[in-house]
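Below you'll find the structure, written out as structure tokens, and then a few comments.
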């Protein structure tokens, strides 16, 4: 009985030693040889024993991808809202220089069908209040019609005119007036 117990003990000790050796082995960290010295090292998520957990690595990569996609969506949304369409003095005609911007807005709206917007018509402070409210209304309506011609549903767009009441530049210069003659966008 002594010999079989000793043999079994020896095998058990060898197996335990191998398991410990395998679980303690560290995988070398891979680095990108094209990255500069200032680039942070890429680390892999690990379980409690130091080994790379493929499920955790996939989850972290997926989370990073989702964060990047969310950031891109937020940037596109901000760009949509922060880019106004400018108009010439006393005009509601869409300038050729603004067509590309409106096409991008229509493309973004068509790829985000749940988004509803308000188009705000604005004017500089020259002219009467009533005239500028009517001109701001024509500007907003013209932009809405242009977006509709590019496939954006009319029921997703509301227009409003603020006339000269919401200038973005208070100066009494041609440059300031040019900034104030605009249609701006609000996602609602």
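Only the coordinates and a few stated rules stand behind these numbers; no lab work does. Keep in mind that what you see is a predicted model, and the values were worked out from it rather than measured. Positions of Cβ are generated from backbone atoms using ideal geometry, with glycine treated the same way; all protein chains shown enter the neighbour counts.
Figures for the structure shown
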| quantity | calculated |
| --- | --- |
| Contour minus Cα-Cα distance for residue 59 and residue 95 (0.36 nm per residue) | 8.2 nm |
| Calculated SAXS-style log₁₀ I(q)/I(0) at q = 0.21 Å⁻¹ - segment 52-188, Debye, Cα scatterers | -1.19 |
| Segment 50-188: antiparallel DSSP beta bridges as a percent of all, rounded to 5 | 55 |
| Estimated FRET transfer efficiency when R0 is 22 angstrom, pair residue 125-residue 174 (beta carbons, to 0.05) | 0.95 |
| By average C-beta atoms within 10 angstrom, highest first, the peptides 163-171, 57-65, 140-148 | 140-148, 163-171, 57-65 |
| Difference of contour (0.36 nm per residue) and Cα-Cα distance, residue 78 to residue 165 | 29.0 nm |
| Mean Cβ count within 10 Å, highest first, over the residues of peptides 69-75, 100-106 | 100-106, 69-75 |
| Listed peptides 107-115, 81-89 by packing density, highest first (mean Cβ within 10 Å) | 81-89, 107-115 |
